[in-house]
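*Asks:* Sharing a structure here in structure tokens format.
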Amino acid sequence: MEIIIADHAGFCFGVERAVGLVDETSKNNKDVYTLGPIIHNPQIVKKFSDQGVEVCEDPESFKATDTVVIRSHGVPKKIYGQLQEKSVNIVDATCPFVKKAQSSAQKLGKGGATVVVFGEKNHPEVKSIVSFIDSEFFVVSDESDTMELPFRNSYALVAQTTQNSESFDKIAEILKTKCETLTVTNTICNATSLRQASAINLAGQVDVMLIIGGKNSGNTTRLYEICKSICKDTYHIETKEELDTDIFKTSRKVGITAGASTPGYLVDEVIEFLKEVTNEQD
Ligand code: SF4
């Protein structure tokens, strides 16, 4: 049995940085918390909990002796104020690409444009981006939302970092018909599209496709859905324990990919498990 790993799989830059910051912070500080789960991966959250890092969702509950890590997709501006008022030690793991989306939106709004954010209205990252805009703004999730926007003298377009570039361009085209001046700042990060493109490529070449990552991870679930539409024997697992060896009895090629929030060691464990299965079959 041949095992092929997608060219782009697992931790993206921002998640790797955030996880590294939590690890380092927990070694040097007591009373360390993450404001919400650091990533959508239960195994990593459990690992940090074993290191004494707890998850807390309520910024009002901290004390001055606490250290609080802000996760990679950022928090609304007012949360910084709440944490500063409590004098907690803030470790900001907001991904630099998300910071860029926040600061672009802020600057464009200050420049007098009505800001349009292409993204999911209720996603924490979008909530954080819009919190930095002091002027009028709209959030659009697709082209039909954009069609509904009123005419304005000046619009400025930014995006949630994980959105699709093609849709972003289409939204920009629609916005051009809704204003005199349009400023477009593409704040999309390519980590998601690279993972999807290499998963699509791999799913077309294999008998079985394994998608590793949190069941609560949106980007991992999306990889599963895409691959399932190409390779019918596609499975979404969090760890090797979920694998049924019968799946591999007739398979010659197994493809593996993992979401941007999946740590490398979980992927390695699955690969080791598959190698053992292969040896048993020989
Ligand atoms: S997907 Fe991109 S923007 Fe989001 S955390 Fe990863 S590197 Fe940063």
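*Asks:* How much net charge surrounds residue 174 when only other residues with a Cβ under 11 Å from its Cβ are counted (Lys, Arg +1; Asp, Glu -1)? Spell out each step's value before the answer.
*Replies:* On the way: positive: 170, 176, 178; negative: 142, 143, 145, 148, 169, 173.
Within the 11 Å Cβ shell, the charges total -3.
*Asks:* Note down the nm distance, to one decimal, between modelled labels 7 Å out along Cα→Cβ at residue 47 and at residue 269.
*Replies:* 0.9 nm
*Asks:* In terms of the Cα gyration tensor, with a ≥ b ≥ c the square roots of its eigenvalues, is the chain rounded because a/c is under 1.5, prolate because a/b exceeds b/c, or oblate?
*Replies:* Verdict is oblate for the chain.
*Asks:* Hey, another quick one. Answer rounded, prolate or oblate for segment 97-184, using the Cα gyration tensor with square roots of eigenvalues a ≥ b ≥ c: rounded when a/c is under 1.5, else prolate when a/b is larger than b/c, else oblate.
*Replies:* Oblate shape, in that a/c is at least 1.5 and b/c is the bigger or equal ratio.
*Asks:* Choose one answer from 82, 196, 163: the residue with the largest mean-square fluctuation in a GNM of the chain with alpha-carbon springs under 10 Å.
*Replies:* 82
*Asks:* May I pose another question? Could you work out [θ]222 nm for the chain from helices alone, using -39500 (n - 2.57) per DSSP H run of at least four and dividing by all its residues? Round to the nearest 500 deg cm²/dmol. Could the numbers behind the result be given before it?
*Replies:* On the way: 10 runs with 116 residues, N = 282.
Value at 222 nm, helices only: -12500 deg cm²/dmol.
*Asks:* So, counting K/R as plus one and D/E as minus one, what does the shell of residues with Cβ under 13 Å around residue 233 add up to?
*Replies:* With Lys, Arg at +1 and Asp, Glu at -1, the neighbours total +2.
*Asks:* I need 38, 212 ordered by Cβ neighbour count within 10 Å, fewest first.
*Replies:* Details: 38 24, 212 28.
Going from least to most buried by this count: 38, 212.
*Asks:* Please arrange 67, 34 by counting, for each residue, the other beta carbons lying within 10 Å of its beta carbon, fewest first. Before the final figure, lay out each step's value.
*Replies:* Values: 67 19, 34 27.
The fewest-first ordering by Cβ neighbours comes to 67, 34.
*Asks:* Please say if segment 139-282 is rounded, prolate or oblate, where rounded means a/c under 1.5 for a ≥ b ≥ c the square roots of the C-alpha gyration tensor eigenvalues, and otherwise the choice is prolate for a/b larger than b/c and oblate otherwise? All intermediate terms of the calculation are to be shown ahead of the outcome.
*Replies:* Values: a/c = 3.83, a/b = 3.10, b/c = 1.24.
It comes out prolate by the Cα gyration axes.
*Asks:* Most mobile of 11, 248, 118 per a Gaussian network model of the chain (Cα springs, under 10 Å)?
*Replies:* 248
*Asks:* Shifting gears a bit: Neighbour counts of other C-beta atoms within 10 Å: give me 7, 246 arranged from fewest to most. If you can, show how the numbers build up before the last one.
*Replies:* Values: 7 13, 246 7.
Lowest to highest Cβ neighbour count: 246, 7.
Values quoted throughout were computed directly from the atomic coordinates according to the rules given, and no laboratory measurement underlies them. It should be emphasised that the depicted structure is a prediction, and the values quoted were computed from it without experimental measurement. Note: ideal-geometry Cβ built from the backbone for every residue, glycine included; neighbour counts use all protein chains shown.
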